[in-house]
Amino acid sequence: MNAFTTLQKSETWIKPHNYCRACKRDNLELILDLGVQPLAGAFLHPDQLVIEEEQLYPLTIHVCQHCGLVQNTQVIPPERLYWQYHFSSKTIPSLVDHFKNYALWLKNRFSPGFVFEFGCNDGVLLSPLDHLGIRSCGVDISENICALARQERLNVIHGYFDQEIVDRVLHEYGAADIITGSNVFAHIDEPGEILNSSSRLLKSSGHLCLEVMYAGDLYESMQWDSMYHEHLSFYSLHTLKLLLYRYGFIIVDAQRIPMHAGSLRIVASMDSGERPNENVANLLSYENAIGLNHPDAWRSFSHAVRHKISIVSEVMQVLGNSHRIWGYGAAGRASMWLNACRMDYLEAMVDISPLRAGSLMPGIHTPIVYPDELRKNPPDYIFVTAWNYLDTIRAKENWFKGVWIVPNPDFRFLGPSLASI
C-alpha cells in the first residue's frame, strides 16, 4: 500500500496563530501552502512502524504585509518536536569547524568570562569554549541530546530558557557576558520569551549574539526545503531589528555567514550608547535594494518554488521508472523533497548520523543507511538532498562513478568529476 494513502492528517498538536511574530500585526498573507507533511525529524524505527499512527500536519507559509517577516503559522509544540531529537551537530564536520571558529571569534571580540547558550544541542559550541578556557553553560530541551553533551562533562541543563532557568544560572554562575543561540531562535513561536530571559541574565555591558537562517539566502537560493515545521520564522535583518528593539535590544553588528546554506549573525546590546556599525547599514541597504521585506518578493518566490517542485517531481519520476536512485543526507531538507515530490522509488537514503541510520524517513519510509552501504551496492544516480554539503559529500564519495543529482539552488546533473555533464 502506498505510504501516502495510509498517513492521517492531524491537527491535535497544531497551535495556529494569525499575528506576526516580529511586529504583532494581524495582516499575514499566505504565500505558500505545502499541504500536509510529516514532521521532518520524526524518523521511524522499522520495528515500531504502525503506518496508521503516523501523522501529517498542515504546513503553510505566510508573509507579514507590514514588516515582511516570512513565517510558518502552523505551530507544533516543542515537546512534540524536540523531546527526542535526531540532529547532532557534531556529526557534521563543517558545523564542528564553524563552532570552533565562532568560539574563537567570541573570545577575540568580547573576551567573555561567562557564555550562556540556549539550544546548545550536543555541546558543539560549549566544547571549543571550554578548550579556550571560557566558562560556559547551555540549555536544551532535548533530553537525548543533552545526554550526549554530558558525556563530555559539559555544563548542560535540560529544559527551556525561561525564568526558572535564568534564576538557576544566576545562582550558579552569575550574569552572562554573552548569551548566544545558533539556528534555534527561529524555532521559537514566542521569541519575546527568549529576549525577556536574555535581558534578565545578561550583564548590562553584555551582548546577545544570534545566528539564524537568513531570509536573503532563502530568497536568493529558493530554499523552500528549509521551511519545515521546526522552522517558524525566516528573519531578515530588518525584521530581526524590529523584533529585538521591542525588547530593548539594539543590533550593533550584522554579517552573513555560510552556515546552513546561508545564515545571519547579529550582535545586539541593551546599552543605548552603543551604536550600529557600518555592516548593519550596508545589509539593510541590500535588503531594500532587492525588496526583501516586501510581499511582492515572496509572491514571486512562491511561484518559482511551485514550478521547481513540479519540474523535479516529473523528471525524477521518469528516472525512477528505469534507474536505481539513492538519496544522500537525511536531514529536514530530505523529508521536504521526498514527500513533496513523492519519491517512493528511492531505494535508500544515506546518512552518517547514528541518530538516523537504521531508521525510516518520515512519510515516505525510505530506509536510512550508513555510507558504507552505498559502496556495497552503488546506484545509477544519487539525489543529494543535503545539497548545501555537496562538495563535502562528493569529496568523501569520490569513488562513485554514477551521476549526482542536485535539486538546489539549480536543478543539475553532475558526473563523477566536479564538472557538470
Worksheet item: So which residues in the stretch 254-288 are of a type in the set (Ser, Thr, Tyr) and either surrounded by 20 or more Cβ atoms within 10 Å (Cβ to Cβ) or under 30 Å from Ala334 (Cβ atoms) (or both)?
Response: Ser263, Ser269
Practice prompt. Give just the number: which of (1) in a loop (DSSP other than H, G, I, E, B); (2) in contact with a strand residue (DSSP E or B) (Cβ under 7 Å, 6 or more places away or on another chain) does Asn398 not satisfy?
Written response: (2)
Worksheet entry | Enumeration of residues in the stretch 120-143 that are in a loop (DSSP other than H, G, I, E, B), over 17 Å from Leu210 (Cβ atoms) and not acidic (Asp, Glu) | Gly123, Leu132, Gly133, Ile134, Ile141, Ser142
Response to the item:
All-but-one check, Met227 against (1) in contact with a helix residue (DSSP H, G or I) (Cβ under 6 Å, 6 or more places away or on another chain); (2) crowded, with 23+ Cβ neighbours inside 10 Å, failing number (1)
Worksheet entry | Selected residue (only one of Glu193, Glu152 is part of a helix (DSSP H, G or I), out of contact with any Cys (no Cβ under 9 Å at 6 or more places or on another chain) and either hydroxyl-bearing (Ser, Thr, Tyr) or without any contact (Cβ under 8 Å) to a residue 60 or more places away in the chain (or both)) | Glu193
Discussion item. Given the criterion basic (Lys, Arg) and more than 16 Å from the chain's Cα centre (by Cα), identify the matching residue among Arg256, Arg275.
Written reply: Arg275
Practice prompt. Please tell me if Ile382 is out of contact with any Leu (no Cβ under 6 Å at 6 or more places or on another chain), buried (at least 23 other Cβ atoms within 10 Å of the Cβ) and part of a strand (DSSP E or B).
Written response: yes
Discussion item. Out of everything in the stretch 104-150 that is surrounded by fewer than 17 Cβ atoms within 10 Å (Cβ to Cβ), of a type in the set (A, V, I, L, M, F, W, C) and farther than 14 Å from Ile178 by Cα, what residue ends up being modelled with the lowest pLDDT?
Written reply: Ala147
Worksheet item: If you go through the stretch 172-181 one residue at a time, do you hit one that is within 29 Å of Asn72 (Cα to Cα) and not hydrophobic (A, V, I, L, M, F, W, C)?
Response: yes
Discussion item. Step by step: first the residues of the stretch 79-103, then only those that are farther than 29 Å from Ser204 by Cα and modelled with pLDDT of 90 or more, then the one that is surrounded by the fewest Cβ atoms within 10 Å (Cβ to Cβ). Which residue is that?
Written reply: Asp97
Fill in: Criterion violated by Gly248 - all others in (1) within 26 Å of Ile76 (Cβ to Cβ); (2) in contact with a helix residue (DSSP H, G or I) (Cβ under 9 Å, 6 or more places away or on another chain) satisfied
(1)
Worksheet item: Within the stretch 333-359, how many residues turn out to be modelled with pLDDT of 95 or more and within 20 Å of the chain's Cα centre (by Cα)?
Response: 11
Discussion item. Being out of contact with any strand residue (DSSP E or B) (no Cβ under 8 Å at 6 or more places or on another chain) and either of a type outside the set (A, V, I, L, M, F, W, C) or more than 19 Å from Asp253 (Cβ to Cβ) (or both) narrows it down to one residue among Asn108, Asn121; which is it?
Written reply: Asn108
Worksheet item: Considering the stretch 327-355 alone, what residues qualify as being over 24 Å from Gly35 (Cβ atoms), buried (at least 24 other Cβ atoms within 10 Å of the Cβ) and touching a residue at least 40 places away in the same chain (Cβ under 8 Å)?
Response: Tyr328
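The values are calculated or read from the model by the stated rules, or taken from the named source; none is laboratory data. Bear in mind the structure is a predicted one, so any value in this text is a computation, not a measurement. Positions of Cβ are generated from backbone atoms using ideal geometry, with glycine treated the same way; all protein chains shown enter the neighbour counts.
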